[in-house]
Amino acid sequence: MLDPTLIGYGINAFRLLIITHASELHVLNVVTACSFKGELDIVFFVGQTNLKSPQDIQVYAVNTNFTLMWNYTGDGTNVTFSAQYQCFDDLQTSEPEWKELSGCQNVSHTECDFSSAITAYYDMHHIRIRAERREDRSPWSSIFEMIPYEIAQIGPPEIALQSINGAIKIKISPPEANQVRKMWLNSLFFKYNVVIWDNSSNVEEVRSILPIDVISGLAPETTYCLKVQATVPLDYQEGLFSPIHCIKTTRKVNDLLCPTNVRVFALNMKFYLLWDNHYKERVNYTVQYLTGYLKNLYDDYSSKWQKVSGCENITNMKCNLSSVIAPTSASHYFRVQAMNEYNKSCLSKDVGVDPLVTNEIGPPDVKVDISDVLLHIKITPPGGPENEIMSDLYDFSYQILYWKNSSDNEEEVKMKETKQTIATVSDLTPSTLYCLKAQAFSKAYNKSSDFSREECIRTPGGKHIPLIIFGTFVGALTVVLIVASVVIFFLYQVYNKIKYMFFPSCQTPLNIEGFGGQLFISPYMPTAEEPVEICYVIESSVTEEVNQIDFKDNKHFKQSSRDSGNYSYDDNTSQIKGSEETLGKDIL
């Protein structure tokens, strides 16, 4: 029964203190009850009980099964526990309210199963818990944060075993196979490891197996025990092991008809299946293949094998797999069916092929050339130009080893690494034989090829280098001079043509020169009709006499010269001839 005591009274405020009668008072919890019109505050001071908060909260999760566990150090007499949780949805903007955690209300133990309360496996959850005794309540514990998917463990798978011909056939059912609610939505992500041991020796062996597989290489008529674990490599998660199962193998019957030692030879993306035969009579072989993903399923794939084209009813023990395997194709499984003349058949063990993992890388080709101070190296990637896709898939890098090939002393082997197919090596010694070889490697697949064949070349002598430089300079200078001469000659010819077109060097005809500023009536006179001026060399004495000759009819001469329409070359010629004869007679 509470004993209220009034401790304060005023006009604008009224406070009420309530103290519970308890044998021990350690901490007072203050609760503000209400506020009336801003004038009345009622405060209750309730004494604390002996109840303490739970500690060390943990959640243990396997698949979709969740168990909440904690420790309690207080007096546990008649104490129960209740938990609450918050779920933070990514689309929710405000803080979610606390809800009662189903399965963890009024429990008397320090653990509870709340699997039915959790459905959002990828969202953040907050969990808290407190102790209760009748009306007393302890403070809430610290908050435990979790994302169910991140803390959940993969549960154990279920397995079924069968002993066949000295081997064990195993069939695995994935975790949560028979559950409606699943934590792991895609069972194809699971990979399985089996731990197997001889029951008499307890020496364990770990193997990777498929959902439906055969464990071979076992001793006949021997009891083996095993357990299986599911993993998700993409998330680095390992599950719990299944319960231990034991089975006794049978005696193995060796059928000589069955092909043995089935193997794949792969080099530079060329795949061949090889096998051995111990049967003495005629045998026909048919190679079959199965697409790899079918073996990752949990269904029976025995009826889904197909024949490899070109490898049906063959007698040789070699099959070209190029019709099935491409550089970018997925994994495949291959097996060989043998059939004798009596139609008895037997199947070999199957062998898996992951193209980029199974394939071996051949050596690259190397060509080397040399200049004065550099060693030029050209690398052809493995597979040659016809298989360029290998370079894209493997992203090759190349290691080049080079050294001086000298018998006097052992020279240090130097290494150069490059991602390009063209490389150079400097700091060469004149008159020295250098040898090199190259290797291709892929970091992504941790694969490397053999080294290429060695290529050797000798550097030129040092005393010839100045002569080579001088000869190169003289040759270059000669070429420049020849080119300059050709250009100058061409420009000169162009200049002459332009000058001739715009500034001709022909003289004005004699019959035009004497007219001065008079206009020439005829605008054109053919070249053939132009008068030709005839000149003579006359002695000075003769010249004086000639100067005394009085040419008559000078006026008539000028008129005749102007009359171009009546002018005739023949007439002019006859007149010139007449003048020459008359002049000759006078001279004589």
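So that you can scan it fast, the table gives a plain yes or no per residue for (1) surrounded by fewer than 15 Cβ atoms within 10 Å (Cβ to Cβ); (2) among the aromatic types (Phe, Trp, Tyr); (3) touching a residue at least 60 places away in the same chain (Cβ under 8 Å):
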| site | (1), (2), (3) |
| --- | --- |
| 126 | no, no, no |
| 130 | no, no, yes |
| 155 | no, no, yes |
| 174 | no, no, yes |
| 184 | no, yes, yes |
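Inspection of segment 121-129 finds a residue satisfying the criterion of being more than 45 Å from the chain's Cα centre (by Cα) and outside the structural domain of residue 231 (by the TED database). Checking the stated criteria, residue 348 turns out to be open to solvent by less than 60 Å² (accessible area, probe 1.4 Å), of a type in the set (S, T, N, Q) and touching a residue at least 60 places away in the same chain (Cβ under 8 Å). Residue selection: residue 381 satisfies the criterion of being surrounded by 12 or more Cβ atoms within 10 Å (Cβ to Cβ) and either out of contact with any Lys or Arg (no Cβ under 6 Å at 6 or more places or on another chain) or without any contact (Cβ under 8 Å) to a residue 40 or more places away in the chain (or both).
Summed over segment 384-410, residues that are at negative phi, assigned to a loop (DSSP other than H, G, I, E, B) and either open to solvent by less than 80 Å² (accessible area, probe 1.4 Å) or of a type outside the set (Asp, Glu) (or both) total 5.
Listed here are the residues, each with its yes/no results for (1) of a type outside the set (Lys, Arg); (2) out of contact with any helix residue (DSSP H, G or I) (no Cβ under 7 Å at 6 or more places or on another chain); (3) not in a strand (DSSP E or B).
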residue	(1), (2), (3)
319	yes, yes, no
326	yes, yes, yes
333	yes, no, no
336	yes, yes, no
339	yes, yes, no
363	yes, yes, yes
366	yes, yes, no
372	yes, no, yes
377	yes, yes, no
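Within segment 238-262, the set of residues being assigned to a strand (DSSP E or B) and touching a residue at least 24 places away in the same chain (Cβ under 8 Å) comprises 238, 239, 240, 241, 245, 246, 247, 248, 260, 262.
With the requirement that a residue be farther than 12 Å from residue 168 by Cβ and open to solvent by less than 50 Å² (accessible area, probe 1.4 Å), what does segment 229-257 give you? Hits for segment 229-257 are 229, 230, 231, 232, 237, 239, 242, 257. Between 364, 355, the distinction of being modelled with pLDDT of 90 or more, open to solvent by less than 80 Å² (accessible area, probe 1.4 Å) and under 18 Å from residue 452 (Cβ atoms) belongs to 364 only.
Looking only at residues in segment 263-278 that are in contact (Cβ under 8 Å) with a residue 60 or more places away in the chain and in a strand (DSSP E or B), the one that is surrounded by the fewest Cβ atoms within 10 Å (Cβ to Cβ) is 263.
The values are calculated or read from the model by the stated rules, or taken from the named source; none is laboratory data. Please read these numbers as outputs of a predicted model, since none were measured by experiment. With ideal geometry, Cβ positions are generated from the backbone for all residues, glycine too; neighbour counts draw on all protein chains shown. To get the accessible areas, we keep the full protein, side chains included, count just its heavy atoms, and leave off ligands, DNA and RNA. Shrake-Rupley method; radii C 1.70, N 1.55, O 1.52, S 1.80 Å.
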